[in-house]
Each structure stands twice: as C-alpha cells, then as structure tokens.
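J.: Before I ask anything, let me first share the structure, which is written out below as structure tokens.
The values are calculated or read from the model by the stated rules, or taken from the named source; none is laboratory data. Source: prediction; values computed, not measured. Positions of Cβ are backbone-derived with ideal geometry, glycine not excepted, and every protein chain shown enters the neighbour counts. Areas reflect the complete protein model, heavy atoms only, side chains present, ligands, DNA and RNA absent. Shrake-Rupley method; radii C 1.70, N 1.55, O 1.52, S 1.80 Å.
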Amino acid sequence: MRVSCLQENLAKGLSVVGRAVSPRSTLPVLGNVLLTTDGGRLKLSATNLEIGISCWIGAKVEEEGGITVPARTFIDLVNALPPERVDMELIARTQTLNLRAGRSEANIKGIDAEEFPIVPADGEGSHSIPVEADTLRSAIAQVAFAAATDETRPILTGVLVKFEDTKLTLAAADGYRLSVRSIALSHPVTDPFSIIVPARALVELGRISGEQQEPIRVSLTPARNQVLFRLTDIVLVSQLIDGNFPDYRQIIPREWATHTVVDTAAFLKACKAALIFAREAAHITRLHIKPGSELSPGHMIVSATSAETGDDVSELDATIEGEEIEIAFNVRYLIDVLSVINTPQVALNTTTPSSPGVIRPVGDVDYTHVIMPMHLGR
C-alpha cells in the first residue's frame, strides 16, 4: 500500500472513527484502526464489535493495500504532524507503516489487515430509508439520554426505533423516565419494522452527523441483526439488541388534574439553582404549583433543601389550569429534559404527587417526556 492524503483530512477522519475503537479488549486488533485503499480513496475503519464506523477521505492511491495500526499511537502522531501532505507506505514484510510529512518521518508497527473483523458498509441490497439529518440528530438528543446505563436490563440500554407508514418513532426508558419523539418521513415505509439500537450507537451517530447536509439513509443487514446509518462519507453500523421493548404507550398518562405552562429557560435556570442543594439530598426538588386568581397570576415554586448546606427557592410565573399540587422530582432528570426542549415554553401535566408527570414542549406535539415523581417525606 502506498497512499498520500492531507494531514487535515486524515486527522478529521480519525476523529470520526476513533470513538469506535475498543479501549479494552482481549483482541489486540480491536485497539487498532484499519486503513485500506478503496476506489481511489482511503478508507478508515474501527470497531468494538458493538459499533463500527467507516470513513472515506480523498487520497492519491499509488498502490492498493491495507494495514491496521494502534489507534491511540496513530491518532496522536497524525495530530502532531505538520499540516501538509502525508505520504504513507506499508512495508509488508514487517507489517510496518511508514509515514512522512514535511521533514517528519515515523514508523508504526501494525497487525495484518486480514485479522480485522469485517465492518459492514452496505446493506447489501436492503432497502434504505432516508431521514433528514438535522431532524434525526435533534430526535436522538431528545431521547437517548433517557435510556438506562445499567446493564442489568440490556433492553433498556437501547432505543426503540420504529418505522411505520410515514413516521419514525424513537423511544427510550430507564424505569424512572420515558422519552418519545416522532419524526415525519419524506417517503412511506412499505415494510414497517421495529428495532432496538444501543443508545451509545445513536449518541455516536448524533456526534458524527454534525456537518451532514444530505439525508441519512437507514438500512438493515440481510441477517437483520445490524443497522447501518449511511452518511455522505461515513457509515456507522451497530449491533441490535434482541428482545421486546416495553409497551411505552401504557406508561403515558391520558389525563391530568393540573396543566402548568412556564418559560422553558426560566424553569431550567431554577432547576440548576436547586441542584446546588438537591445533590446532597438525593436530588429531590419540590415543585409547588399554585393556580392564580382574578387578582394574581399563577406561579410555580421550585425549591430544594439540604440539611448540611442550606436551601434554595425560585418562583416562576406560570399559566395554570386545574388544582394546586406539590410534587417532587429528581432535579437532574428535569435538567436533562429541559435542556433538549427547543420551544420558548414548556407544559407540565400532573395528576397526584405520586403519579408520573408529563412534560411537553408547547407547540410541538411530536415530543413527550414522562418522569416518575419522588416520595415526599413530611
């Protein structure tokens, strides 16, 4: 293999695939990045066997070939090279990659490319579904954080991805909260299907798709055990999680006793202030919601108390329908959801202090977040 490319493009490509490298593995080759020539371009690939990412960069290919090199060493070296053309040549006899850029030269010992696991880069004829990149990235941000990080229930570490008619629905839950977001598709899906994608894979997709303008194309491998997300010069492939996702629709309350509308930014600011004291008291934050009268507007009081450090109280103007209520939530969960709501106002529907609360952006019917209350000790 003999290939040349710009240091800037190589560094950028490595920043895309580098997150899929396995930091700890019994297989040394999983700590490596695969470099192969492909159709007059240089293809970079990395995988941890759950997620695989391939990225193509412009290059001058003089001789075809491939090699895997230790990811950390290679990434650090490329970032340290001058912003010039990088010439790379594989010395096949010793499986060593020689790099030259400007007046710098280095040799990295690698592992034969044949030992690297195959990272699918094509659905192999599988029908792909286009999804607007900005919309999908926003949906991932609004849903993936609600997935469980505890591996004891693997199904909850994933996000339900459901394609049906002209709609894509994402849902995630960890037992304490639920996030559901729907997206309109530009083309109807002829064969509806549901898959469970690891939340980590979707978070990674959100990260690498920041500059994507064209729609992201979604397809399944023939065995239907992996999903591919195809971007312009990048393909992310992820293993799917086996099992049945809980019926999240049963969790969403149909009725409410109190409907509260507040300014999103003010609510988020009040929660961040409450966190300072709540973090030492199991993150409990109380919301006291009081409807207004003919003489005074309604208001919501956000408060947190710590026996060691003190307390905090914030009063927010609110438009309230229904009954007065005092309810407590984990303030970190409130901060998580308020941070991904893009509308100026947010609605909170509550029933009783021991029933779930429902948070929705005002004016956006495609997003619903359900949050379990915390016990209020008297």
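J.: Identify which of Phe74, Phe145, Phe193 has the largest mean-square fluctuation in a Gaussian network model of the chain, with springs joining Cα atoms closer than 10 Å.
T.: Phe193
J.: Give a residue-ordered list of calculated ³J(HN,Hα) values for the range 62-68 (Karplus: 6.51 cos²θ - 1.76 cosθ + 1.60, θ = phi - 60°; whole Hz; x for Gly, Pro).
T.: Once rounded to whole Hz, the list reads 9, 8, 5, x, x, 7, 10.
J.: Just checking my list (i) 177; (ii) 189; (iii) 214 against volume of the Cα convex hull per residue in Å³ computed from this structure; which label fits?
T.: Computed from the coordinates, volume of the Cα convex hull per residue in Å³ corresponds to (i).
J.: Can you tell me how much longer the chain between Ile118 and Ser293 gets when fully stretched, taken as 0.36 nm per residue apart minus their C-alpha distance, in nm with one decimal? Each step should come with its number before you reach the end.
T.: Details: separation 175, 0.36 × 175 = 63.00 nm, distance 6.67 nm.
Extra length from Ile118 to Ser293 when fully extended: 56.3 nm.
J.: Moving on to the next point. At what distance in nm do the modelled label points of Asn9 and Ser354 sit from each other, each positioned 7 Å from its Cα along Cα→Cβ?
T.: 6.5 nm
J.: Distance between the C-alpha centers of the range 87-101 and the range 178-216? Whole Å please.
T.: If you average the Cα positions of each part, the centres end up 39 Å apart.
J.: Right, next: Using only alpha carbon pairs under 8 Å that are at least six residues apart, calculate the relative contact order of the chain and give it in whole percent.
T.: Numbers: 887 pairs, mean separation 47.0, N = 378.
Computed over the chain, the figure is 12 percent.
J.: Out of the range 48-150, which GluC sites (Glu not before Pro) are coil in DSSP terms and have no more than 16 other C-beta atoms within 10 Å?
T.: Working: sites: Glu50, Glu62, Glu63, Glu64, Glu84, Glu89, Glu105, Glu114, Glu115, Glu124, Glu132; in loops: Glu50, Glu64, Glu84, Glu124, Glu132.
Answer by residue number: Glu50, Glu64, Glu84, Glu124.
J.: Here's another thing I want to ask about it. Placing +1 at every Lys and Arg Cβ and -1 at every Asp and Glu Cβ, with all other atoms neutral, what dipole size does the chain have around its Cα centre, in debye to the nearest 20? Don't jump to the answer; show the numbers that get you there.
T.: On the way: 34 positive and 46 negative charges, 122 e Å.
Dipole size: approximately 580 debye.
J.: Tell me what the chain gives for mean residue ellipticity at 222 nm when only DSSP H runs of n ≥ 4 count, each as -39,500 (n - 2.57), the sum divided by the residue total, rounded to 500 deg cm²/dmol.
T.: Details: 6 runs with 65 residues, N = 378.
Only helices count here, giving -5000 deg cm²/dmol.
J.: Give me the extension gain from Asn342 to Ile91: residue separation times 0.36 nm, minus the current Cα-Cα distance, reported in nm with one decimal.
T.: Working: separation 251, 0.36 × 251 = 90.36 nm, distance 5.30 nm.
Taking 0.36 nm per residue and subtracting the Cα distance, the gain is 85.1 nm.
J.: How far is helix 133-143 tilted, in degrees, relative to the longest principal axis of the Cα atoms in the chain, given as a value from 0 to 90 rounded to the nearest 10?
T.: The angle comes out at about 50 degrees.
J.: Further question: Under 30 Å Cα-Cα from Lys269, which lysines qualify once same-chain neighbours fewer than 8 residues away are excluded?
T.: Those lysines meeting the cut-off are Lys290.
J.: Helix 71-80 against the longest principal axis of the chain: what's the angle in degrees, Cα atoms only, rounded to the nearest 10?
T.: Around 80 degrees separate the two axes.
J.: Also, I was wondering about something else. Pop out the ³J(HN,Hα) list for the range 8-13 in order, Karplus 6.51 cos²θ - 1.76 cosθ + 1.60 with θ = phi - 60°, rounded to Hz; leave Gly and Pro as x.
T.: 4, 5, 5, 5, 5, x
J.: Still on this structure, please answer the following. Taking only protein heavy atoms and a 1.4 Å probe, what accessible area per residue, in Å², does the chain have with all protein chains in place?
T.: Values: 18390 Å² over 378 residues.
Using a 1.4 Å probe on heavy atoms only, each residue of the chain averages 49 Å².
J.: DSSP loop trypsin sites (Lys or Arg not before Pro) in the range 37-107 with at most 16 other Cβ atoms within 10 Å of their Cβ, which ones? Each step should come with its number before you reach the end.
T.: Numbers: sites: Arg41, Lys43, Lys60, Arg72, Arg85, Arg93, Arg100, Arg103; in loops: Arg93, Arg103.
Here the trypsin sites (Lys or Arg not before Pro) that fit, given the DSSP loop and packing criteria, are Arg93, Arg103.
J.: Among the lysines, which have Cα under 21 Å from the Cα of Lys12 when same-chain residues fewer than 8 positions away are ignored?
T.: Those lysines meeting the cut-off are Lys43, Lys60.
J.: From the protein chains alone at 1.4 Å, what is the descending order of accessible area for Trp56, Trp256, largest first?
T.: Values: Trp56 35, Trp256 110 Å².
Sorted descending by solvent-accessible area, the residues read Trp256, Trp56.
J.: Would you work out which of Leu168, Phe145, His187 lies farthest towards the positive end of the dipole of the range 143-203? Charges go on Cβ: Lys and Arg +1, Asp and Glu -1.
T.: Most positive-ward Cα: Phe145.
J.: If you don't mind, another one. Taking the 0 to 90 degree range and rounding to the nearest ten, how far is the long axis of helix 199-208 tilted relative to the main principal axis of the chain, both from C-alpha atoms?
T.: Value to nearest ten degrees: 70.
J.: Name the residue, out of Ala106, Ala278, Ala139, whose mean-square fluctuation peaks in a Gaussian network model built on the chain with Cα pairs under 10 Å.
T.: Highest fluctuation of the listed residues: Ala106.
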